[in-house]
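A.B. asks: So that we are looking at the same thing, I have put the structure below in structure tokens.
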Amino acid sequence: MQTPDNLFDRNKKWAQQIKKERPNFFSNLAEGQEPNFLWIGCSDSRVPANQIVDLPPGELFVHRNIANLVVHSDLNFLSVLQYAVEVLEVNHIVVCGHYGCGGVKAATDDKGHGMIDNWLRQIKDVQLDNAEELKGLSGDDEINRLCELNVAQQVKNISTTPIVQNAWENGQNLNVHGWIYSLEQGEISDLELTTSSNDDLG
Ligand SMILES: [Zn+2]
């Protein structure tokens, strides 16, 4: 188990190591950021955005919440999205879910979890919308398919926000991707759900 003191020690070593290899790394980054990706992922400690795609600071603009949900009334998320699209002008938005997601599991286990059930309600809706397909699956297969379907729904939710709709109308090159990460393999798969215009929404 790490302690807060450990984290300061680790941070100092990390920063010193980078400065040794690239003396201007932090001073350049301090001037500003130009990430080309907005990353939307789960808060799960096992899916740290930069680490799983092996990217240093400055490359990803990140929003994480439980079960990587895009909720149209979530001002926190919408602020991140607006800044990423309109100010940073990212070309790619990635929704990266993961198999074995605890949020997806909790949404399907029919137990009460308190306040968080309001948040997880979105996943329950995905489950209901896809009941026919999910009926033939059970156990981990059912959860993992629901993890994929949940990513697909969030890609749709992002693509239909006025922020993305306006960007497309203005001819901005903006692609929304749906990916999923395997905790067991440490690898990401493309669910091939990419939307780049309203034509892709079907
Ligand atoms: Zn998760």
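A.B. asks: First measure r as the distance between the Cβ atoms of R10 and E192, then evaluate 1/(1 + (r/R0)^6) with R0 = 35 Å and state the FRET efficiency to the nearest 0.05. Display every interim value, and only then the final one.
C.D. replies: Details: r = 38 Å, r/R0 = 1.08.
The formula returns an efficiency of 0.40 here.
A.B. asks: By the scheme Lys and Arg +1, Asp and Glu -1, what is the net charge of all other residues having a beta-carbon under 13 Å from that of G100? Provide the component values of the computation, followed by the final result.
C.D. replies: Values: positive: R46, K105, R145; negative: D44, D140, D141, E142, E148, E184.
Local net charge: -3.
A.B. asks: If one computes the Cα centroid of region 1-37 and of region 129-163, what distance in Å separates the two points?
C.D. replies: 37 Å
A.B. asks: Now for a different question. Can you list residues from other chains, or at least 5 along the same chain, whose modelled amide H is less than 5 Å from the amide H of L191?
C.D. replies: Amide H neighbours of L191: G178, W179, I180.
A.B. asks: Compute the helix-to-body angle for 139-159: its Cα long axis versus the longest principal axis of the chain, expressed 0 to 90° and rounded to tens.
C.D. replies: 70 degrees
A.B. asks: Taking just the alpha carbons, could you work out the radius of gyration and Dmax for region 7-49, both in angstroms?
C.D. replies: Just the Cα atoms of region 7-49 yield Rg and Dmax of 13.7, 33 Å.
A.B. asks: Also, quick follow-up: Among G32, A15, S189, pick out the residue whose Cα is farthest towards the positive end of the charge dipole of the chain, where Lys and Arg carry +1 and Asp and Glu carry -1 on C-beta, about the Cα centre.
C.D. replies: Comparing the listed Cα positions along the dipole, A15 ranks first.
A.B. asks: On to the next question. Report the charge-dipole magnitude of the chain in Debye, nearest 20, computed about the Cα centre from +1 at each Lys and Arg Cβ and -1 at each Asp and Glu Cβ. Don't skip to the end; give the middle numbers.
C.D. replies: Numbers: 15 positive and 29 negative charges, 173 e Å.
The calculation lands at about 840 debye.
A.B. asks: If you add up the charges near L29, with Lys and Arg at +1 and Asp and Glu at -1, over every other residue whose beta carbon is less than 15 angstrom from its beta carbon, what do you get?
C.D. replies: Numbers: positive: K19, R22; negative: E21, E31, E34, E59.
Result for the local shell: -2.
A.B. asks: Do any GluC sites (Glu not before Pro) in region 72-164 lie in a DSSP loop with no more than 14 other beta carbon atoms within 10 Å, and if so, which? List each step's numbers first, then the result.
C.D. replies: On the way: sites: E86, E89, E132, E133, E142, E148; in loops: E89.
Hits after loop and neighbour filter: E89.
A.B. asks: Here is a further query. Estimate the FRET efficiency between L137 and S43 by the formula 1/(1 + (r/R0)^6), using the beta-carbon distance for r and 25 Å for R0, to the nearest 0.05. List each step's numbers first, then the result.
C.D. replies: Details: r = 25 Å, r/R0 = 1.02.
So the FRET efficiency works out to roughly 0.45.
A.B. asks: Hey, another quick one. Given R₀ = 25 Å, what would the calculated FRET efficiency be for N166 paired with Q33, taking r from the Cβ atoms and rounding to 0.05?
C.D. replies: Working: r = 22 Å, r/R0 = 0.89.
With R0 = 25 Å, the Cβ-Cβ based efficiency is 0.65.
A.B. asks: Considering the convex hull of the alpha carbon atoms of the chain, report its projected area averaged over all viewing directions, in nm², one decimal.
C.D. replies: Numbers: hull surface 55.1 nm².
Dividing the Cα hull surface by four gives the mean projection, 13.8 nm².
A.B. asks: Name the aspartates and glutamates eligible as straight-distance cross-link partners of K105: C-alpha to C-alpha under 16 Å, and not fewer than 8 places from it in the same chain.
C.D. replies: D44, D117, D125, D140, D141, E142, E148
A.B. asks: List the lysines whose Cα sits under 17 Å from the Cα of K111, skipping any in the same chain fewer than 8 residues away.
C.D. replies: K124
A.B. asks: Also, I was wondering about something else. With each run of n ≥ 4 DSSP H residues scored as -39500 (n - 2.57), what mean residue ellipticity at 222 nm is computed for the chain after dividing by its residue count and rounding to the nearest 500 deg cm²/dmol?
C.D. replies: On the way: 9 runs with 92 residues, N = 202.
The helix-only estimate for the chain comes to -13500 deg cm²/dmol at 222 nm.
A.B. asks: Further, regarding this structure: Just need the relative contact order of region 36-201 here, percent rounded to a whole number, with Cα pairs under 8 Å and 6+ apart.
C.D. replies: Details: 257 pairs, mean separation 41.7, N = 166.
About 25 percent, as a whole number.
A.B. asks: Taking the Cβ of N130 as the centre, find all other residues whose Cβ is under 13 Å away and add up their charges (Lys, Arg: +1; Asp, Glu: -1).
C.D. replies: Numbers: positive: K124, K135, R145, K156; negative: D125, D129, E132, E133, E142, E148.
Its environment carries a net charge of -2.
Coordinate-derived values only; no laboratory data. Just so it is clear, the structure is predicted and the values come from calculations on it, not from any experiment. A quick note on method: Cβ atoms are made from the backbone with ideal geometry, for glycine too, and the neighbour counts reach across all protein chains shown.
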